[in-house]
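Q: Quick one: the structure is below, and I'll ask about it shortly.
The values are calculated or read from the model by the stated rules, or taken from the named source; none is laboratory data. Since this is a predicted model, take the numbers as computed values, not measurements. Positions of Cβ are backbone-derived with ideal geometry, glycine not excepted, and every protein chain shown enters the neighbour counts.
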Amino acid sequence: MEKHVMQYKTVHFTLNGKEVERAVDVRASLTDMLRNDFRMTSVKKGCEVGECGACNVLIDGEAFNSCIYLAVWAEGKTIRTLEGLLGPNGELSDIQQAFVDEAAIQCGFCSPGFMLTAVEILESGKEYTDDELRKLLSGHLCRCTGYENILRAVKKTMYRRLGKPLPEEN
Amino acid sequence: MYDMKALYEAGSVEEAVSLRMEHPEAQIIAGGSDVLVQMREGKRAGAELISIYDIDALRGVCMEEDGTLRIGSLTSFSHITRDTLIQRYINVLGQAVDQVGGPQIRNIGTIGGNTCNGVTSADSASTLFAWDAVIELTGQSGTRRVPIQEFYIRAGKVDIREGEIQTGILIPRESYENTYGHYIKYAMRNAMDIATLGTSVNVRLSADKKTVERARVAFGVAGPIPLRAVTAEQTTAGQLVSEELAERFAQAVKEDINPRDSWRASRDFRLHIAVESAKRAFLESVELAGGAL
């Protein structure tokens with residue numbers, strides 16, 4: 001059998017505000033690297049084919065499924081995981097607190113991915129309709145909550161950040 | 001870990017071309033939302049990959065001097081949808097690619113990858129067919145341009161030759177000038193689904209908005225590769241805009257398309273939704289063009 005030659009590459013990137021560097025196996029996905037080399041265990045291994053959204057991270061401000069993203073592509077990028085949302089003493093961010101308050105978390109497996117997509121939505125500074133929010137959140141599967149509480153948590157945080165009152169639900 | 005034998009990374013088009021010459025067996029990977037998923041399935045196990053994802057020169061949309069709209073092959077779906085030139089000249093393309101997969105897939109998926117796969121269901125493909133897009137390929141001896149209808153050879157097979165990569169998708173001025181279009185994706189789910197049928201129609205009306213100067217329609221999943229329904233297009237040329245014309249146009253698509261039975265849908269059902277989608281997309285396009293019914 002042909003011998004497999006291990007191929008490594010050193011990548012430099014910013015992870016949750018800190019500049020980091022690692023030599024990675026080129027066969028690694030970004031999920032592999034974030035979990036194994038950096039212990040970012042909020043990045044979940046779900047379907048591993050880009051369908052469930054559990055491994056979602058923010059790369060240069062946009063949401064990506066890290067399971068179908070090569071670790072070597074992290075070079076020069078700014079990457080954020082759920083760990084990066086916490087305050088200096090482990091305080092929850094507004095979107096995390098909203099998920100707790102709205103009971104948008106049950107088993108918790110999908111939550112980190114959902115919250116990071118929510119961060120991309122919130123940081124756009126735009127006001128979205130419910131339909132638009134549903135579409136923006138559609139890249140995540142949740143088998144516990146039925147999505148309504150998640151939608152409510154994102155919507156509530158969106159209005160709070162916009163400094164507007166939450167519209168009455170019909 | 002992906003089951004790959006080796007990874008070669010290109011930082012420029014020139015590097016990509018020489019890597020293609022050095023490793024003719026290697027698979028090109030752009031955003032990877034198809035290639036990496038296929039690797040997980042074991043379909044490309046042990047393959048060598050040439051990554052072109054880092055070639056930033058292939059990202060973005062611009063207008064060339066002669067009025068050709070150029071879309072860099074690595075432009076992601078979400079960036080196409082948000083692009084102001086796309087919104088102004090070929091908004092239907094932005095709408096079509098906004099129906100691919102889900103938000104994270106639209107951030108990684110590229111229009112070049114979508115077309116190079118040679119898959120009939122690609123959400124960008126029917127619109128690119130309907131707007132007579134031109135594919136630009138770059139190889140050792142420079143660039144060549146191929147009309148998209150010739151680029152697709154058969155299911156899963158496109159005209160990329162030795163040493164080449166796709167570098168751009170061009171929309172000629174003749175295609176977008178005074179032209180308005182609409183895309184309908186028919187799928188079982190609203191997100192994370194593949195089209196059962198994709199229908200892209202565009203029209204150009206006369207100055208008084210009463211007559212159809214030109215109508216074009218292309219389908220995905222109505223044959224092994226995306227295709228135009230030329231008979232339907234011809235029935236509308238020079239005709240007065242009306243509901244009845246929309247119906248005639250829609251019925252005529254059956255002359256040109258050849259959908260198949262698959263687990264997703266039967267041939268008969270696809271024929272049915274092709275007619276209905278063509279009619280609705282035609283009426284919507286006429287409305288966008290300012291026509292009154």
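Q: Suppose we keep only residues that are polar (S, T, N, Q) and outside any helix (DSSP H, G or I) within region A:106-137. Which one would you say is surrounded by the most Cβ atoms within 10 Å (Cβ to Cβ)?
A: Checked region A:106-137; the qualifying residue surrounded by the most Cβ atoms within 10 Å (Cβ to Cβ) is A:Q106.
Q: Kindly indicate whether A:E19 is over 21 Å from B:P103 (Cβ atoms) and facing chain B (nearest Cβ under 10 Å).
A: Answer is no for this residue.
Q: Now for a different question. Which residue is nearest to the other protein chains (Cβ to nearest Cβ), if the candidates are limited to region B:4-26 and must be exposed (fewer than 14 other Cβ atoms within 10 Å of the Cβ) and outside any helix (DSSP H, G or I)?
A: Per the criteria, the residue is B:G11.
Q: Also, quick follow-up: Can you tell me how many residues in region B:126-164 are under 13 Å from the mean Cα position of the chain (by Cα), not aromatic (F, W, Y) and not in a strand (DSSP E or B)?
A: Adding up the residues that qualify gives 8.
Q: State which residue pairs qualify: first residue touching a residue at least 40 places away in the same chain (Cβ under 8 Å) and inside region A:28-48, second residue among the acidic types (D, E) and surrounded by fewer than 22 Cβ atoms within 10 Å (Cβ to Cβ) in any location, beta carbons under 8 Å apart, and separation of 6 or more residues or different chains.
A: Sorted first by the residue in region A:28-48, then by its partner, the pairs are A:S29/A:E48; A:M40/A:E83; A:S42/A:E83.
Q: In addition: With touching a residue at least 40 places away in the same chain (Cβ under 8 Å), within 14 Å of chain A (Cβ to nearest Cβ) and not in a helix (DSSP H, G or I) as the only criterion, which of B:D123, B:D66, B:D54 stands out?
A: B:D54
Q: Please work out which one of (1) within 12 Å of chain B (Cβ to nearest Cβ); (2) in a loop (DSSP other than H, G, I, E, B); (3) farther than 26 Å from A:L162 by Cβ; (4) touching a Gly at 6+ places or on another chain (Cβ under 9 Å) is the condition A:V11 fails and give its number.
A: Going through (1) within 12 Å of chain B (Cβ to nearest Cβ); (2) in a loop (DSSP other than H, G, I, E, B); (3) farther than 26 Å from A:L162 by Cβ; (4) touching a Gly at 6+ places or on another chain (Cβ under 9 Å) one by one, A:V11 breaks only (2).
So that you can scan it fast, the table gives a plain yes or no per residue for (1) buried (at least 17 other Cβ atoms within 10 Å of the Cβ); (2) out of contact with any helix residue (DSSP H, G or I) (no Cβ under 7 Å at 6 or more places or on another chain); (3) not assigned by TED's automatic domain parsing to the domain that holds B:I135:
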{"position": "B:T167", "(1), (2), (3)": "yes, no, no"}
{"position": "B:I194", "(1), (2), (3)": "yes, yes, yes"}
{"position": "B:A207", "(1), (2), (3)": "no, yes, yes"}
{"position": "B:L240", "(1), (2), (3)": "no, yes, yes"}
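Q: Can you give me the number of residues within region A:69-105 that are without any contact (Cβ under 8 Å) to a residue 60 or more places away in the chain, among the charged types (D, E, K, R) and surrounded by 15 or more Cβ atoms within 10 Å (Cβ to Cβ)?
A: Going through region A:69-105 one residue at a time, the tally reaches 1.
Q: Search region B:30-42 for residues that are more than 7 Å from chain A (Cβ to nearest Cβ) and pair each with any residue that is surrounded by fewer than 18 Cβ atoms within 10 Å (Cβ to Cβ) and small (G, A, S) when their beta-carbon atoms are under 9 Å apart and the residues are at least 6 apart or on different chains.
A: From residues that are more than 7 Å from chain A (Cβ to nearest Cβ), the pairs are B:M39/B:A45.
Q: Return the only residue of B:I105, B:I80 being under 17 Å from the mean Cα position of the chain (by Cα) and in contact (Cβ under 8 Å) with a residue 60 or more places away in the chain.
A: Unique residue meeting the criteria: B:I105.
Q: Among the candidates B:Q99, B:Q87, B:Q95, which residue alone is away from chain A (no Cβ under 12 Å), more than 13 Å from B:A133 (Cβ to Cβ) and in contact with a Phe, Trp or Tyr (Cβ under 8 Å, 6 or more places away or on another chain)?
A: Matching residue, one of B:Q99, B:Q87, B:Q95: B:Q95.
Q: Here's a follow-up. Here is a list: A:E120, A:E148. Which entry is at pLDDT 95 or above and within 14 Å of chain B (Cβ to nearest Cβ)?
A: Only one candidate qualifies: A:E120.
Q: Pick from region B:184-215 the residues that are in contact with a Lys or Arg (Cβ under 7 Å, 6 or more places away or on another chain) and charged (D, E, K, R): which of them is farthest from B:R106 (Cα to Cα)?
A: B:E213
Q: Shifting gears a bit: Is there a residue being more than 8 Å from chain B (Cβ to nearest Cβ), among the charged types (D, E, K, R) and farther than 28 Å from A:G108 by Cα anywhere in region A:56-64?
A: no
Q: Among the residues of region B:114-151, how many are polar (S, T, N, Q), in contact with a strand residue (DSSP E or B) (Cβ under 6 Å, 6 or more places away or on another chain) and closer than 23 Å to B:D98 by Cα?
A: So the answer is 4.
Q: Consider A:A71 carefully, then state whether it is more than 26 Å from A:Y159 (Cβ to Cβ), facing another protein chain (nearest Cβ under 9 Å) and modelled with pLDDT of 95 or more.
A: Against the criterion (more than 26 Å from A:Y159 (Cβ to Cβ), facing another protein chain (nearest Cβ under 9 Å) and modelled with pLDDT of 95 or more), A:A71 does not qualify.
Q: Here's a follow-up. Which residues, counting only those in region B:48-77, are within 17 Å of the chain's Cα centre (by Cα), among the aliphatic types (A, V, I, L, M) and more than 20 Å from B:S18 (Cβ to Cβ)?
A: B:V61, B:L69, B:I71
Q: Are any of the residues in region B:91-98 in a loop (DSSP other than H, G, I, E, B) and surrounded by fewer than 21 Cβ atoms within 10 Å (Cβ to Cβ)?
A: The answer is yes; a qualifying residue exists.
Q: A further question on this structure: Within region B:212-226, is there a residue that is surrounded by 15 or more Cβ atoms within 10 Å (Cβ to Cβ), modelled with pLDDT of 95 or more, of a type in the set (D, E, K, R) and assigned to a helix (DSSP H, G or I)?
A: no
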